[in-house]
1. From the list Thr226, Thr275, Thr222, exactly one residue is among the hydroxyl-bearing types (Ser, Thr, Tyr), within 21 Å of Ile333 (Cβ to Cβ) and buried (at least 17 other Cβ atoms within 10 Å of the Cβ). Which is it?
2. Among the residues of the range 153-189, what is the count of those that are buried (at least 23 other Cβ atoms within 10 Å of the Cβ), part of a helix (DSSP H, G or I) and small (Gly, Ala, Ser)?
3. Residue under question is Ser77, and the condition is that it be over 30 Å from Ala278 (Cα atoms), among the polar types (S, T, N, Q), assigned by TED's automatic domain parsing to the domain that holds Ala224 and over 23 Å from the mean Cα position of the chain (by Cα); does it hold?
4. How do the strands (runs of 3 or more DSSP E) wholly within the range 396-468 filter down when requiring 1 or more residues that are without any contact (Cβ under 8 Å) to a residue 24 or more places away in the chain and surrounded by fewer than 16 Cβ atoms within 10 Å (Cβ to Cβ): which remain?
5. One residue is enough: does the range 2-13 have a residue meeting the conditions at pLDDT 95 or above, assigned to a helix (DSSP H, G or I), assigned by TED's automatic domain parsing to the domain that holds Gln258 and not hydrophobic (A, V, I, L, M, F, W, C)?
6. Just checking, how many residues over the range 324-359 are among the hydroxyl-bearing types (Ser, Thr, Tyr) and surrounded by fewer than 17 Cβ atoms within 10 Å (Cβ to Cβ)?
7. Hey, among Leu200, Leu176, which residue is at negative phi and either outside the structural domain of Arg239 (by TED's automatic domain parsing) or touching a residue at least 12 places away in the same chain (Cβ under 8 Å) (or both)?
8. Out of the range 205-248, which residues are β-branched (Val, Ile, Thr), out of contact with any Phe, Trp or Tyr (no Cβ under 7 Å at 6 or more places or on another chain) and farther than 23 Å from Gly182 by Cα?
Amino acid sequence: MIAAALLPLAYLALRRLGMHQIPAYIAATLTALIPSNVHYSQFALTDAVLPVMVLGWLLLVHSWLVSERQISGALASMLAAYMSWVHVRGFVVVIVFAGTLGVAWWRRWADRRGITVTAWLLIMMTIAGIQLNDWLRAKLYPRGTYGLDDLLIDRLTSISGLGWTLSLTSGKLWYLIVSTWGIAGVGLVALAIAVRRETLPLGTRVVAAQAAVSMVGLAIATSAATPDEGTVANFVYGRYLTCLAPILFLAAAVLVMQAPTVSAFRAVPIASAITLAAGAIVWLHAGDRLSRNFFLSTDFAETSFLSWNWEEFRLWPATITALLFLAGAAALIAYGGRRAVLGAAGMVAVLNIAAVLATTDHVANSWDQRYSTTASLRQELRADDRVGVNFPRLDWRIWVLQGFESRHGLVPIDRFGRFPLPTDLTVVVVPWTAGTPLPKTWPAAPANWRVISARMPGAGGWVAWRRMNSSAP
């Protein structure tokens, strides 16, 4: 439901920027149909709602600068702080808005007392979120979490770390553009034009600058803090910037409607050059690791659609396909005039819908069908069962599904007996590696536990054990 709010918010943004009702509604609908928006809304991820939150935040900032109403600034602070509650990427938004408030105070864009109150609200709500998350983290992960602070500092202060960060930042930018058929690249050009054009209203220029700085900040921060896990996503990844895809899509739509010739003959070539340069950086840095490292189709839904390869990553086929589509749309607009814009919109609509249908079938539904039977623990469970799981070496998709099936959740255990087994457990699930006899899958199993089920899904096996003196159903 929250993800669906992207359409009315996009429509509101376009109307504020001067677009007429029907074109604004068409462009807003196309924005809501961006494949990444639909794809991630199928999962329990913050990326299902972050695009709506980012767009809502920018609209509130725009309202505050245009009307100088304190309530809009306060709501913008609250929403920015709340984004830091739901995901660490929100801290980038907090920093960007804090910088905006500082410049606004210095340049007297609004009443200084109101700006001070807004800044304090941003600070206090952000601190409250940090405290709340620290408390929840201690409850959920009593053994601690994997910190990335040291990795982030090392990446930003060493030559090798900066090289890694630059490459992955380029990969994120490449994916953002290619996954929107090149349109996000046109949006980047539109933001640059908006920031530099002094004839535009202050609110529009500031919001454009905020979007651009947020994108750069998110790309650099998430790239520097990403550990090398031996995956293709270490070099090319789109999820962390999808929250800005609708913003760039809307910026491109405004540019096309207001200056179709500029879009066709200037913005599209620049966007294509950026895409090719970013792709080349990734290709030169990653080399054959793009085909050798672990590939997960859920991370590459749009590019898998473009290359029509759901089993491996193909950088250049996806790039060429996206840029050919962008060039075709640009040619239609350039030689067909404003009326041809509707035809280009139709092309985008067809491609968006086709991508949504294909990625849902080949990615979301495929994984669901693959694991619905091979990972399910439903047949083995009783209503009062307490389930323990040895998480290391057990595929995450297995324990996530089983976590939903267990009424009392999952309790971490150690199959090698390095810490005591909780006494209230009745079922234990451990990983099953190839060549390991079933009785040996749990070396520290007590004498009164027996194997009751074993599966070998495509991504790894698992074995369920039951305590034999547990009560019958």
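1. Only one candidate qualifies: Thr275.
2. The total comes to 5.
3. no
4. Counting at least 1 such residues, we get 449-455.
5. Yes; the residues of the range 2-13 include at least one that is at pLDDT 95 or above, assigned to a helix (DSSP H, G or I), assigned by TED's automatic domain parsing to the domain that holds Gln258 and not hydrophobic (A, V, I, L, M, F, W, C).
6. Qualifying residue count, the range 324-359: 1.
7. Leu176
8. Val206, Thr226
The values are calculated or read from the model by the stated rules, or taken from the named source; none is laboratory data. Computed from a predicted model, the values in this text were never measured in an experiment. Every residue, glycine as well, gets a Cβ built from its backbone with ideal geometry; the counts of neighbours run over all protein chains shown.
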